[in-house]
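A.B. asks: Take a look at this one; I'll ask things after.
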Amino acid sequence: MSSSTHVKVVLALVSVQLSFAGWHVLGKWALDAGAHPLVFALVREGFASVSMLVLAASMEGRTKLRKEDVATFVLLGLLIFLNVALFVVGLSKISAVNASVLQPSIPVFAMAVALVMRWERPSWSKIGGIFLASAGAACMSVVQARLEDQAKKNSGSGSNKEDPAGENIQVLVGNIMIIVQCWAIATLLVVQGRFTAKKYPSISQTAWYYSIGTLFTIVVCIGYFWPPSKLWHEITLIFSSRPAVIALAYATLAATVYNYTAISWANKHAPATLVSLASTLQPVLVSVLSMVFLGVGVSWAEAAFGLVIAAGLVLSVYGRQRAGKGHEAVGPDHESLGERLIAED
């Protein structure tokens with residue numbers, strides 16, 4: 001990978017995490033305003049799928065999907081469905097900060113999947129760097145959550161639930177959903193980077209798997225909201241809510257069309273585990289945004305954990321450069337998922 005491409009990949013991944021940080025806040029705003037999480041996910045996916053299919057046709061022309069890759073894209077569709085649906089539903093049960101605390105587990109899951117499937121060679125520097133950056137990001141997110149809770153208590157706006165036991169169960173369920181969501185997106189990154197990233201144009205492959213994920217969401221929503229008139233009523237409620245409309249526009253254009261296309265492009269030029277490592281930047285970007293736009297100072301703990309994240313990123317990148325190869329995947333990149341699994345059987 002050339003130095004100019006390397007810079008472009010870094011800038012793309014930073015912008016993706018910046019966009020996701022904004023989506024966490026806007027998404028919570030829309031859900032608190034009454035938007036049903038599953039229906040919101042359905043509408044978002046529908047608009048995003050159509051947008052990406054149109055963009056792919058106009059910018060990349062007609063691209064033919066190979067028969068041997070159909071199963072791979074169905075798997076990617078299932079994974080993006082789990083990623084989107086579980087995040088939105090989980091976010092309705094916990095705070096945006098709570099959800100962001102768990103996102104640094106994505107590179108850990110990605111490395112685990114790549115190692116278990118023997119799709120990437122391990123090294124102490126790569127593994128150590130990923131765990132160091134993820135731990136720093138998780139600790140930084142916890143600090144941010146505590147600062148947010150303290151600010152709410154000082155302002156007297158803390159929650160006073162009549163059923164704390166019920167609230168704890170909801171929080172537990174929400175956290176489990178977010179953890180599974182992190183596993184889903186991590187697995188998607190690894191599978192895409194291994195089998196489809198280099199084969200197809202970025203927008204086209206993103207549009208394909210995202211559209212398949214939308215079909216999964218449609219089936220789930222129809223079953224959950226039967227009869228269809230009930231589902232339609234929930235959709236109309238979203239468009240009657242100003243927070244939901246604003247969040248929907250942002251989620252469709254920024255957090256979906258741009259983000260997932262940029263991730264697909266980055267996966268062409270960098271290992272999936274390195275792409276997933278960018279998620280550890282999210283709490284850092286939240287702190288920077290808060291400082292610039294809200295005038296909120298950065299605590300010494302946030303600064304310290306920010307340095308830990310930076311050290312982890314440097315260590316992981318150093319480990320890859322020391323290996324001497326940009327992509328350290330085991331086996332050829334042009335094979336299909338089915339061919340790889342058969343070869344390993």
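The values are calculated or read from the model by the stated rules, or taken from the named source; none is laboratory data. Bear in mind the structure is a predicted one, so any value in this text is a computation, not a measurement. Counting neighbours? That spans all protein chains shown, and the Cβs are built from the backbone with ideal geometry, glycine included. What goes into the accessible areas is simple: the full protein's heavy atoms, side chains included, and nothing from ligands, DNA or RNA. Shrake-Rupley method; radii C 1.70, N 1.55, O 1.52, S 1.80 Å.
A.B. asks: Which ones in the range 126-146 are at pLDDT below 80 and surrounded by fewer than 17 Cβ atoms within 10 Å (Cβ to Cβ)?
C.D. replies: Residues satisfying the conditions are Val142, Arg146.
A.B. asks: Can you spot a residue in the range 5-20 that is more than 19 Å from the chain's Cα centre (by Cα) and of a type in the set (Lys, Arg)? Show your work before the answer.
C.D. replies: Step one: filter the range 5-20 for residues more than 19 Å from the chain's Cα centre (by Cα), giving 5-8.
When the remaining residues are screened for being of a type in the set (Lys, Arg), the result is 8.
Yes: one or more hits.
A.B. asks: Here is a further query. So which of Val74, Val50 ends up being closer than 26 Å to Lys198 by Cα, in a helix (DSSP H, G or I), free of Cβ contacts under 8 Å to residues at least 60 places away in the same chain and more than 17 Å from the chain's Cα centre (by Cα)?
C.D. replies: Working: Val74 fails: free of Cβ contacts under 8 Å to residues at least 60 places away in the same chain.
Result: Val50 is the single residue among Val74, Val50 that is closer than 26 Å to Lys198 by Cα, in a helix (DSSP H, G or I), free of Cβ contacts under 8 Å to residues at least 60 places away in the same chain and more than 17 Å from the chain's Cα centre (by Cα).
A.B. asks: So, in the range 40-71, how many residues would count as being more than 16 Å from Ala255 (Cα to Cα) and crowded, with 23+ Cβ neighbours inside 10 Å?
C.D. replies: The total comes to 0.
A.B. asks: Hey, among Ser229, Ser241, which residue is farther than 22 Å from Asp32 by Cβ and among the small types (Gly, Ala, Ser)? Before the answer, list the steps.
C.D. replies: Working: Ser241 fails: farther than 22 Å from Asp32 by Cβ.
After ruling out the rest, the residue left standing is Ser229.
A.B. asks: Here's another thing I want to ask about it. Of the conditions (1) basic (Lys, Arg); (2) touching a strand residue (DSSP E or B) at 6+ places or on another chain (Cβ under 7 Å); (3) at pLDDT below 80, Arg194 satisfies every one except a single condition; which number is it?
C.D. replies: (3)
A.B. asks: Return a yes/no flag: does the range 266-282 have any residue that is part of a loop (DSSP other than H, G, I, E, B) and not hydroxyl-bearing (Ser, Thr, Tyr).
C.D. replies: yes
Results for (1) assigned to a helix (DSSP H, G or I); (2) modelled with pLDDT of 95 or more, shown as yes or no for each residue.
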{"position": "His24", "(1), (2)": "yes, no"}
{"position": "Val54", "(1), (2)": "yes, yes"}
{"position": "Thr63", "(1), (2)": "no, no"}
{"position": "Val84", "(1), (2)": "yes, no"}
{"position": "Phe87", "(1), (2)": "yes, no"}
{"position": "Leu102", "(1), (2)": "yes, no"}
{"position": "Met111", "(1), (2)": "yes, no"}
{"position": "Leu115", "(1), (2)": "yes, no"}
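A.B. asks: Shifting gears a bit: Test Ala41 against the criterion of being assigned to a helix (DSSP H, G or I) and touching a helix residue (DSSP H, G or I) at 6+ places or on another chain (Cβ under 9 Å), and give yes or no. Lay out the reasoning, then the answer.
C.D. replies: On the way: assigned to a helix (DSSP H, G or I): yes; touching a helix residue (DSSP H, G or I) at 6+ places or on another chain (Cβ under 9 Å): yes.
In short, yes.
A.B. asks: Determine whether the range 72-88 contains at least one residue that is more than 30 Å from Thr236 (Cα to Cα) and either in contact with a Gly (Cβ under 7 Å, 6 or more places away or on another chain) or open to solvent by less than 30 Å² (accessible area, probe 1.4 Å) (or both).
C.D. replies: yes
A.B. asks: Suppose the filter is modelled with pLDDT under 95, open to solvent by less than 10 Å² (accessible area, probe 1.4 Å) and in a helix (DSSP H, G or I); does Ala247 pass it? Quick ask: steps written out before the conclusion?
C.D. replies: Numbers: modelled with pLDDT under 95: yes; open to solvent by less than 10 Å² (accessible area, probe 1.4 Å): yes; in a helix (DSSP H, G or I): yes.
Considered against the rule, which asks whether it is modelled with pLDDT under 95, open to solvent by less than 10 Å² (accessible area, probe 1.4 Å) and in a helix (DSSP H, G or I), Ala247 comes out as yes.
A.B. asks: Related question: State whether one or more residues within the range 234-241 are surrounded by 15 or more Cβ atoms within 10 Å (Cβ to Cβ), of a type outside the set (D, E, K, R), touching a Phe, Trp or Tyr at 6+ places or on another chain (Cβ under 7 Å) and touching a residue at least 12 places away in the same chain (Cβ under 8 Å).
C.D. replies: Taking every residue of the range 234-241 in turn, at least one turns out to be surrounded by 15 or more Cβ atoms within 10 Å (Cβ to Cβ), of a type outside the set (D, E, K, R), touching a Phe, Trp or Tyr at 6+ places or on another chain (Cβ under 7 Å) and touching a residue at least 12 places away in the same chain (Cβ under 8 Å).
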